[in-house]
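**Student:** Take a look at the following structure, please.
The values are calculated or read from the model by the stated rules, or taken from the named source; none is laboratory data. Model, not experiment: these values are computed from the prediction. When we count neighbours, we look across all protein chains shown, and the Cβ atoms used for this are built from the backbone with ideal geometry, even at glycine.
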Amino acid sequence: MSVELLAYVAFFLTMALTYAIMCLGLNVQWGQTGLFNVGVAGFVAIGAYASALLTSPDDPNRLGGADLPIAVGWIGGALSAGFVSFLIGALTMRLRADYLAIATFGVAVTVQLTALNLEPLTGGPFGIGFIPRPFAAWAGDPLLFSLCNLALLAVVVAALYLALEKLLRSPWGRLLRAIREDELAARTLGKNATAFRLQAFAIGGGIMGLAGAAQAHFIGFIAPENYTPMLTFQVWAMLIVGGSGNNRGAILGAVLVWGIWAASAGLISAVFPPAEQARAASLQIVTIGVALCAILLLRPRGILGEARVISRHVEGLQEDERRMGVDDINGAVGRAENT
Amino acid sequence: MNPQFIIDGLVAGSMIGLGAIGVTLTYSILRFANFAHGEFISWGAYLALTVAGALGALAGSLLEPIGPFSFGWALPVGTAAALVLTGGLALVVDRLLFGRLRAERSSVIIMVMASFGAALTLRSLLEFIFTSKPVYYTKALQIALPLGGGIRATPDQLLSLAVAATLVLAVHVLLTRTAMGRAMRAVSENPELAGLAGVEVRRVIRAVWLLGAGLAAIAGVTAGLLVQIRPQMGLDLLLPLFAAAILGGIGSVPGAMLAGLIVGLAEAVAVQAIGAEWRAAIAFAILVLVLLFRPQGLFGRAE
Amino acid sequence: MMAAGPAAALSTRALVAGYERDLPIVRGIDFSVSSGELVVVLGPNGAGKSTFVKAIAGLVPVFSGTASLGDVEITHEPVHRRVRHGLGFVPQTENIFASLSIDDNLQLAADILPKPDRQPRIAEVKDRFPDLAARPSRRAGQLSGGQRQMLAVARALIAQPSLLVLDEPSAGLSPKIVADVFRQLKTINQSGVTIVLVEQNVKAALGIADRAYILVEGRVNHEGQAARLADDPMVAELYLGVRATEAS
């Protein structure tokens with residue numbers, strides 16, 4: 001294998017791993033807790049911009065540029081995204097599930113708008129450049145540089161994976177799933193259920209922020225156009241393909257979908273004349289949109305499916321509820337329509 | 001402050017209101033926030049453009065402006081066609097996607113997610129067919145007429161206000177005075193009991209899609225006429241639609257329209273006060289305020 | 001005692017129904033009600049009474065067996081079609097549209113009648129329930145428990161059902177109101193409407209019923225004249241969860 005190819009593979013995998021982090025964050029929210037976030041891109045952007053502002057060198061044209069170490073930026077990115085998630089969660093957690101979805105969508109729109117228009121802070125449409133890259137000293141050797149970055153991201157993903165798995169099996173994780181799977185348990189816990197959900201939502205948002213920071217430092221510059229609803233959609237596709245509720249699936253889904261995405265984008269630029277490429281790219285999105293809907297219809301638990309960690313007791317409770325005819329309201333529409 | 005914001009706000013608000021009525025109806029009767037509703041607006045605009053364009057190509061006289069307006073008869077006819085076609089599109093999406101998920105008794109959030117996927121698919125399909133370049137129904141320029149008090153409005157703007165007012169009234173009468181309206185309100189409260197009262201729930205769901213998508217198509221044509229037609233136009237309107245539907249109180253048609261006007265006016269004020277580039281953040285600010293202080297909305301009942 | 005021929009207003013044969021196919025709650029019920037009868041379905045908690053009548057109304061899937069209204073087989077008919085075949089069903093809870101006015105509740109049910117018949121029919125039913133006629137534009141959610149039950153029954157009667165099925169109409173009501181409701185049901189029955197009633201309130205129900213079925217674990221355990229069952233202390237104690245002294 002040539003050095004260029006190896007460097008490219010390392011680059012590709014590093015990018016995929018940054019998506020894997022987003023996926024793991026979304027998995028805490030959706031997979032473990034059943035909270036629907038339509039604004040993934042917004043939370044990723046918050047992490048990326050926060051970290052960029054903390055670590056980039058001073059720039060006379062805008063505020064920020066604190067020139068702090070990269071690690072401080074990553075932590076700052078995660079904390080700020082986590083904080084915004086907490087606020088949005090606190091606002092909507094006691095309301096119906098889709099209010100959270102609408103509010104997160106609003107976050108994404110507003111964050112993108114802010115990035116675009118708050119030029120003194122965010123650099124406006126041109127974004128922020130000169131974000132320090134890890135192992136910048138070795139940038140002269142592309143292969144070594146790529147491999148070091150890949151190794152760093154791999155360590156971050158592995159550490160996150162282990163931490164989340166541990167959390168998942170802790171009493172906290174079991175409670176979360178019980179709340180998600182079983183309204184009865186949620187009602188018994190009352191206010192506490194809301195608090196647990198909120199914690200999960202903030203942690204998930206923080207992880208997305210970390211992903212945004214990591215990605216920003218790996219690429220070296222950021223701009224508002226990186227954080228469109230398309231990004232949200234991609235991360236969702238990754239999690240759904242991998243299987244929601246399953247951390248290994250989240251990572252695998254990220255690599256798989258990013259692979260398909262990169263390959264099809266490459267194919268489009270090779271096959272179509274430049275004038276038609278934007279068009280072909282939209283067809284690419286159509287295909288993935290249809291695939292997402294098809295998975296929801298045919299394999300709602302994803303390709304890998306959910307790791308079975310729900311206790312027998314909880315399943316027993318669910319069984320009872322079904323027998324008693326307790327069903328969610330949407331089921332009622334379906335039943336009235338289809339009987 | 002220049003009072004012109006009133007007419008700009010009312011015009012934009014009436015489009016938001018028409019879209020929000022559809023959102024509020026699907027939300028209260030099908031019980032999920034439909035993220036694909038904005039796409040009905042874009043599809044309505046493009047379908048009208050296609051039909052009107054075809055008519056204009058067949059008979060150039062149809063493009064001659066009617067009276068003081070900037071468009072010819074091709075556009076009203078195209079709009080009527082778009083109304084039906086967009087309704088048909090909504091029924092197809094329901095048949096292929098939402099209906100199947102309902103039959104599987106899918107949870108609310110799966111429906112929301114599916115609508116998210118449907119939105120991206122529909123929008124990208126438009127981009128594929130029409131590209132993302134803005135297009136217009138007409139190239140004719142209109143002179144804004146002085147209305148007094150320093151306010152000016154074009155005939156097109158005044159027409160769009162009149163159309164929106166008529167439609168809101170019509171939908172309100174439909175919901176409160178007709179058998180179908182009663183059936184819709186009944187299904188919205190309790191679909192099972194509605195069935196026991198003899199209501200065919202399937203038929204009501206079809207009517208809701210037709211109504212919501214039809215109103216969205218008209219909002220799309222208005223937006224296209226007064227601003228421009230782009231595949232992103234529905235996405236850009238989505239947050240204002242949700243903000244208006246929630247502010248108005250889920251299920252309330254007059255509430256959705258009034259809240260649409262409020263959102264439109266607030267946006268127009270913000271455009272004057274802090275600049276047009278921040279327009280999109282206003283809907284979010286309103287949404288946060290409503291969720292904070294009155295989550296049931298202006299006309300909704302606390303759950 | 002299977003009532004045979006066209007006189008059966010409602011009959012089921014080996015009906016198996018429930019929420020999950022491998023765990024049916026109704027496990028093969030043969031049931032028959034003659035035209036004009038008032039029949040009560042009794043049984044201990046979890047016997048499947050409610051599921052049985054919901055299956056008849058089309059709210060619970062039927063896995064095997066048949067259900068017929070008169071000569072019409074309705075086993076797999078959609079709910080709204082059963083209403084048109086003459087079935088009126090009053091659920092135990094959430095049996096009115098609380099957000100609609102009293103008039104809209106009745107009007108909704110009348111919408112399936114031919115247009116000229118609607119208003120006269122509503123007026124007819126209101127005559128029977130003067131409480132509802134008093135303030136027709138009041139939101140149904142503001143009614144008292146007893147009034148709600150009356151509205152629910154009135155709503156079901158509007159479409160002129162040949163058979164009225166009620167799932168525990170006495171649940172949550174005070175004894176005085178229960179007596180009112182039951183008196184009203186008896187009058188409705190005497191005006192020619194066949195009634196099937198699921199009840200926990202054994203004494204009151206047997207008091208107005210012609211016949212009773214006792215379900216245990218999803219099957220018919222006993223069937224007989226209401227008066228005779230009421231006097232049978234063994235039946236009362238074993239299957240109905242009441243002490244013999246109470247039931248007599």
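**Student:** Quick one: which of C:Ala156, C:Ala152, C:Ala212 is aliphatic (A, V, I, L, M) and at pLDDT below 95? Even if it seems obvious, please write down each step before you answer.
**Tutor:** On the way: C:Ala156 fails: at pLDDT below 95; C:Ala152 fails: at pLDDT below 95.
Only one candidate qualifies: C:Ala212.
**Student:** Taking segment A:117-171, which residues are closer than 30 Å to A:Gln199 by Cα and touching a strand residue (DSSP E or B) at 6+ places or on another chain (Cβ under 8 Å)?
**Tutor:** A:Thr122
**Student:** So, one more: Check A:Ala90 against each of (1) touching a residue at least 60 places away in the same chain (Cβ under 8 Å); (2) farther than 24 Å from A:Gly173 by Cβ; (3) among the aliphatic types (A, V, I, L, M); (4) surrounded by fewer than 23 Cβ atoms within 10 Å (Cβ to Cβ) and name the one condition it does not meet.
**Tutor:** Among (1) touching a residue at least 60 places away in the same chain (Cβ under 8 Å); (2) farther than 24 Å from A:Gly173 by Cβ; (3) among the aliphatic types (A, V, I, L, M); (4) surrounded by fewer than 23 Cβ atoms within 10 Å (Cβ to Cβ), A:Ala90 violates only (2).
**Student:** Further question on the same structure: Among the listed residues A:Phe126, A:Phe145, identify the single one that is more than 29 Å from B:Leu241 (Cβ to Cβ) and surrounded by fewer than 15 Cβ atoms within 10 Å (Cβ to Cβ).
**Tutor:** Details: A:Phe145 fails: surrounded by fewer than 15 Cβ atoms within 10 Å (Cβ to Cβ).
When all the criteria are applied, what remains is A:Phe126.
**Student:** Filtering segment C:25-46 down to residues that are crowded, with 23+ Cβ neighbours inside 10 Å and part of a loop (DSSP other than H, G, I, E, B), which residue is modelled with the highest pLDDT?
**Tutor:** Restricting to residues being crowded, with 23+ Cβ neighbours inside 10 Å and part of a loop (DSSP other than H, G, I, E, B), the top hit is C:Ile25.
**Student:** Looking only at segment A:229-242, decide whether some residue is more than 20 Å from the chain's Cα centre (by Cα), free of Cβ contacts under 8 Å to residues at least 60 places away in the same chain and within 14 Å of chain B (Cβ to nearest Cβ).
**Tutor:** So the first thing to find is which residues in segment A:229-242 are more than 20 Å from the chain's Cα centre (by Cα), and the list is none.
Within segment A:229-242 (the criterion being more than 20 Å from the chain's Cα centre (by Cα), free of Cβ contacts under 8 Å to residues at least 60 places away in the same chain and within 14 Å of chain B (Cβ to nearest Cβ)), the answer is no, since none of the residues qualifies.
**Student:** Can you tell which of B:Leu147, B:Leu167 is at pLDDT 95 or above and away from chain A (no Cβ under 14 Å)? Explain how you work it out, then say what you get.
**Tutor:** Values: B:Leu147 fails: at pLDDT 95 or above.
Exactly one of B:Leu147, B:Leu167 is at pLDDT 95 or above and away from chain A (no Cβ under 14 Å), namely B:Leu167.
**Student:** Okay, moving on. Conditions first: (1) out of contact with any Pro (no Cβ under 9 Å at 6 or more places or on another chain); (2) part of a loop (DSSP other than H, G, I, E, B). B:Ser106 passes all but one, so which condition is the exception?
**Tutor:** (1)
**Student:** Considering every residue within segment B:195-209, establish whether at least one is closer than 30 Å to C:Asp103 by Cα, within 14 Å of chain A (Cβ to nearest Cβ), among the aromatic types (Phe, Trp, Tyr) and in a helix (DSSP H, G or I). Write out each step before concluding.
**Tutor:** Taking segment B:195-209 first, the residues closer than 30 Å to C:Asp103 by Cα are B:195-209.
From the residues that got through so far, the ones that are within 14 Å of chain A (Cβ to nearest Cβ) too are B:195-209.
Imposing the further condition that a residue be among the aromatic types (Phe, Trp, Tyr) reduces the set to B:209.
Remaining after also requiring in a helix (DSSP H, G or I): B:209.
Within segment B:195-209 (the criterion being closer than 30 Å to C:Asp103 by Cα, within 14 Å of chain A (Cβ to nearest Cβ), among the aromatic types (Phe, Trp, Tyr) and in a helix (DSSP H, G or I)), the answer is yes, since at least one residue qualifies.
**Student:** Take the conditions facing chain B (nearest Cβ under 10 Å) and hydrophobic (A, V, I, L, M, F, W, C) and apply them to C:Ile96. Does it pass? Working first, answer last.
**Tutor:** Details: facing chain B (nearest Cβ under 10 Å): yes; hydrophobic (A, V, I, L, M, F, W, C): yes.
Answer is yes for this residue.
**Student:** Of the residues that sit in segment A:79-96 and are among the hydrophobic types (A, V, I, L, M, F, W, C) and within 18 Å of B:Leu239 (Cβ to Cβ), which one is farthest from the chain's Cα centre (by Cα)? Please lay out each step first, then the result.
**Tutor:** In the first step, residues of segment A:79-96 are kept if they are among the hydrophobic types (A, V, I, L, M, F, W, C); the result is A:79, A:81, A:83-84, A:86-88, A:90-91, A:93, A:95.
Of the ones still in play, those that are also within 18 Å of B:Leu239 (Cβ to Cβ) are A:84, A:87-88, A:91, A:95.
Working: A:Val84: 15, A:Leu87: 18, A:Ile88: 16, A:Leu91: 21, A:Leu95: 23 Å.
Here the answer is A:Leu95.
**Student:** Can you name the helices (runs of 4 or more DSSP H) wholly within segment A:33-146 that have at least 2 residues being within 14 Å of another protein chain (Cβ to nearest Cβ) and under 23 Å from A:Leu167 (Cβ atoms)?
**Tutor:** Numbers: elements: A:40-55, A:70-92, A:97-117, A:119-122.
In segment A:33-146, A:70-92, A:97-117 are the helices (runs of 4 or more DSSP H) which contain 2 or more residues that are within 14 Å of another protein chain (Cβ to nearest Cβ) and under 23 Å from A:Leu167 (Cβ atoms).
**Student:** For segment A:97-118, enumerate the residues that are surrounded by fewer than 23 Cβ atoms within 10 Å (Cβ to Cβ) and aromatic (Phe, Trp, Tyr).
**Tutor:** Within segment A:97-118, A:Tyr99 is the sole residue that qualifies.
**Student:** Could you identify the single residue in C:Ser32, C:Ser50, C:Ser64 that is more than 13 Å from chain A (Cβ to nearest Cβ), within 27 Å of C:Thr187 (Cβ to Cβ) and among the small types (Gly, Ala, Ser)?
**Tutor:** On the way: C:Ser50 fails: more than 13 Å from chain A (Cβ to nearest Cβ); C:Ser64 fails: within 27 Å of C:Thr187 (Cβ to Cβ).
Testing whether each residue is more than 13 Å from chain A (Cβ to nearest Cβ), within 27 Å of C:Thr187 (Cβ to Cβ) and among the small types (Gly, Ala, Ser) leaves just C:Ser32.
**Student:** On to the next question. Kindly check whether there is at least one residue in segment B:123-139 that is within 19 Å of the chain's Cα centre (by Cα), under 30 Å from A:Ala275 (Cα atoms), surrounded by 15 or more Cβ atoms within 10 Å (Cβ to Cβ) and of a type in the set (Lys, Arg).
**Tutor:** Looking through segment B:123-139, at least one residue is within 19 Å of the chain's Cα centre (by Cα), under 30 Å from A:Ala275 (Cα atoms), surrounded by 15 or more Cβ atoms within 10 Å (Cβ to Cβ) and of a type in the set (Lys, Arg).
**Student:** Go through segment C:65-107 and count every residue that is in a strand (DSSP E or B), in contact with a Lys or Arg (Cβ under 9 Å, 6 or more places away or on another chain) and either touching a residue at least 40 places away in the same chain (Cβ under 8 Å) or surrounded by 20 or more Cβ atoms within 10 Å (Cβ to Cβ) (or both).
**Tutor:** Within segment C:65-107, residues that are in a strand (DSSP E or B), in contact with a Lys or Arg (Cβ under 9 Å, 6 or more places away or on another chain) and either touching a residue at least 40 places away in the same chain (Cβ under 8 Å) or surrounded by 20 or more Cβ atoms within 10 Å (Cβ to Cβ) (or both) number 8.
**Student:** Here's another thing I want to ask about it. Can you tell me which residues in segment B:97-119 are under 22 Å from the mean Cα position of the chain (by Cα) and more than 7 Å from chain A (Cβ to nearest Cβ)?
**Tutor:** The answer is B:Phe98, B:Gly99, B:Ser115, B:Ala119.
**Student:** What tally of residues in segment B:48-79 results from selecting those that are loosely packed, with under 15 Cβ neighbours inside 10 Å and either part of a helix (DSSP H, G or I) or acidic (Asp, Glu) (or both)?
**Tutor:** So the count comes out to 6.
**Student:** When segment B:181-194 is examined, which residues are found to be at pLDDT 95 or above and outside any helix (DSSP H, G or I)?
**Tutor:** none
**Student:** Follow-up question, since we're still on this one. Just checking, does segment B:207-215 include any residue being closer than 30 Å to C:Lys54 by Cα and crowded, with 24+ Cβ neighbours inside 10 Å? Spell out how you get there, then give the answer.
**Tutor:** So the first thing to find is which residues in segment B:207-215 are closer than 30 Å to C:Lys54 by Cα, and the list is B:207-209.
Filter again for crowded, with 24+ Cβ neighbours inside 10 Å, leaving B:209.
Yes - at least one qualifying residue is present in segment B:207-215.
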